[in-house]
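Enquirer: Can you read through this structure? Questions will come right after.
The values are calculated or read from the model by the stated rules, or taken from the named source; none is laboratory data. Keep in mind that what you see is a predicted model, and the values were worked out from it rather than measured. Quick reminder, even Gly has a Cβ in these numbers, built from the backbone with ideal geometry, and neighbours come from all protein chains shown.
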Amino acid sequence: MTDDPRHGGQHSAPTPRVRLVDVAREAGLSKTTVSAALNGTGRLSPEVREKARETARRMGYRPNATARHLRAGRARLIGYVVGGLPDALWTYLESPYFARLTGATAATSLHRGYAVVLLPAGTLQSEWADLPLDAVVVADPVAGDPVIEDLLAAGIPVFSDRSVEGRPGASWVDVDAEGAVREALDHLREQGARRPVLVVPDVATRFHVGVETAHRAWCAAHGLPELTVRVTEAGNGPVVRAIETTLAVPEGADRPDALLVVAEASPSLVLAAAHRHGYAVPDDLLVVLVSEDTTAPYTEPPVTTLSLRPEAVAEAGVEHLVAVLEHGRREPAGTLVATRLDVRASSVRSGRGE
């Protein structure tokens, strides 16, 4: 190995860690006083407490997290894995929904004093068994995924969807998939749709199974044909290709008059696909996307979206975990989060209003 010439051929020594005793000496206070000031304990005057904290900040003092966590009996680490894409590993970060869910989980956890460790989709026990995880978030697990069973068997608290309801050691947060589908389809029907097509991922998660079940029941209740297209791969390309196949209807045949796209795709790419096949949105084709894509209000026309509210899901889930980890809650608990339909021009026909 070649020495770095910028240091005269020698490796620089690491900067010595600032100790609590160093801060105390610099501030002219006792070690006990400085410790109490930094921990917010003890009967200290505001002036003394601020002097200790300011000295610690100026010197770059950091508490010994390892020792503190050992004393507390936890590492303050929460694992995070998306179960619905086991063959795609990290591609869930390309999804606006999972990107926001992941970011909100990390931010909410950090606010409560926990760091998030990202694990690959389809994670194996060998990949997390040696990590000092206090709990694990399993987002959107597929049916039969062994990761939840392995975690609970290891005594690690789990936060997931409603598929874990009633399991000891597990908490759940889910969205009202059935209510969301009914609201979106009722809106499309009010706007004149009679041949709406559901575009859904071919993934056996609880949410997507619930979406298809609700769609089937809604079509039967309204006497409309059950038109469903399943997308076998994640990503804009596969979803747009599936939509184009759906829209490529021969002359004289019954054409779809609305799309409810649950498989995540770029709003502008969905509109472009409709345009390529001769559909004017919203006059010929109404469009609603299940999406957290922030470009939806700025397309032409602006696209109606059904939000699954990932920030609310993350906040509720982390609160459940904190209740288990810090307050010793033993009974299983869960929260059902309402979705939000943001109606825009892509699903409103002239003269009908929102």
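Enquirer: Could you list, in sequence order, the residues of segment 277-331 that are of a type in the set (Lys, Arg) and without any contact (Cβ under 8 Å) to a residue 12 or more places away in the chain?
Expert: Within segment 277-331, Arg329 is the sole residue that qualifies.
Enquirer: What helices (runs of 4 or more DSSP H) lie completely within segment 26-129 and have 1 or more residues being at pLDDT 90 or above and surrounded by fewer than 17 Cβ atoms within 10 Å (Cβ to Cβ)?
Expert: 46-59, 96-111
Enquirer: Residues Gly334, Gly328: which one is crowded, with 16+ Cβ neighbours inside 10 Å and either in the same structural domain as Tyr97 (by TED's automatic domain parsing) or of a type in the set (Phe, Trp, Tyr) (or both)?
Expert: After applying the criteria, what remains is Gly334.
Enquirer: So which of Val270, Val261, Val249, Val281 is closer than 17 Å to Leu341 by Cα, hydrophobic (A, V, I, L, M, F, W, C) and assigned by TED's automatic domain parsing to the domain that holds Gly192?
Expert: Exactly one residue qualifies, and that residue is Val261.
Enquirer: Separate question: Identify all residues within segment 282-295 that are more than 30 Å from Ala104 (Cα to Cα) and buried (at least 21 other Cβ atoms within 10 Å of the Cβ); write none if there are none.
Expert: If the condition is that a residue be more than 30 Å from Ala104 (Cα to Cα) and buried (at least 21 other Cβ atoms within 10 Å of the Cβ), then Pro282, Leu285, Leu286 are the ones that fit.
Enquirer: What pairs come out if I take residues in segment 203-216 that are in the same structural domain as Val290 (by TED's automatic domain parsing) and within 14 Å of Asp161 (Cα to Cα) and pair them with residues that are among the polar types (S, T, N, Q) and modelled with pLDDT under 95 whose C-beta lies under 7 Å away, six or more apart or interchain?
Expert: From residues that are in the same structural domain as Val290 (by TED's automatic domain parsing) and within 14 Å of Asp161 (Cα to Cα), the pairs are Arg206/Ser163.
Enquirer: Would you tally the residues in segment 218-251 being surrounded by fewer than 14 Cβ atoms within 10 Å (Cβ to Cβ), of a type in the set (S, T, N, Q) and not in a loop (DSSP other than H, G, I, E, B)?
Expert: 1
Enquirer: Within segment 142-152, can one find any residue that is modelled with pLDDT of 90 or more and either touching a helix residue (DSSP H, G or I) at 6+ places or on another chain (Cβ under 9 Å) or in a helix (DSSP H, G or I) (or both)?
Expert: No.
Enquirer: Being of a type outside the set (Phe, Trp, Tyr), within 30 Å of Gly155 (Cβ to Cβ) and either surrounded by fewer than 21 Cβ atoms within 10 Å (Cβ to Cβ) or in contact with a helix residue (DSSP H, G or I) (Cβ under 7 Å, 6 or more places away or on another chain) (or both) narrows it down to one of Glu311, Glu300, Glu264, so name that one.
Expert: Going through Glu311, Glu300, Glu264 in turn, the sole match is Glu311.
Enquirer: Is one or more of the residues making up segment 13-23 farther than 30 Å from Ala234 by Cα, modelled with pLDDT of 80 or more, in contact with a Ser or Thr (Cβ under 8 Å, 6 or more places away or on another chain) and part of a loop (DSSP other than H, G, I, E, B)?
Expert: No, because not a single residue in segment 13-23 is farther than 30 Å from Ala234 by Cα, modelled with pLDDT of 80 or more, in contact with a Ser or Thr (Cβ under 8 Å, 6 or more places away or on another chain) and part of a loop (DSSP other than H, G, I, E, B).
Enquirer: Among the numbered criteria (1) assigned to a loop (DSSP other than H, G, I, E, B); (2) more than 20 Å from Ala273 (Cα to Cα), which one does Asp254 miss?
Expert: It fails just one condition, (2).
Enquirer: In the list Gly179, Gly169, which residue meets the criterion of being loosely packed, with under 15 Cβ neighbours inside 10 Å, modelled with pLDDT of 85 or more and more than 15 Å from the chain's Cα centre (by Cα)?
Expert: Testing whether each residue is loosely packed, with under 15 Cβ neighbours inside 10 Å, modelled with pLDDT of 85 or more and more than 15 Å from the chain's Cα centre (by Cα) leaves just Gly179.
Enquirer: If I ask for residues that are β-branched (Val, Ile, Thr) and within 22 Å of the chain's Cα centre (by Cα), which ones from segment 182-209 would you list?
Expert: Within segment 182-209, Val199, Val200, Val203, Thr205, Val209 qualify.
Enquirer: Applying the selection to segment 153-164, what residues are surrounded by 15 or more Cβ atoms within 10 Å (Cβ to Cβ) and either outside any helix (DSSP H, G or I) or in contact with a strand residue (DSSP E or B) (Cβ under 7 Å, 6 or more places away or on another chain) (or both)?
Expert: Those that are surrounded by 15 or more Cβ atoms within 10 Å (Cβ to Cβ) and either outside any helix (DSSP H, G or I) or in contact with a strand residue (DSSP E or B) (Cβ under 7 Å, 6 or more places away or on another chain) (or both): Ile156, Pro157, Val158, Phe159, Ser160, Asp161, Arg162, Val164.
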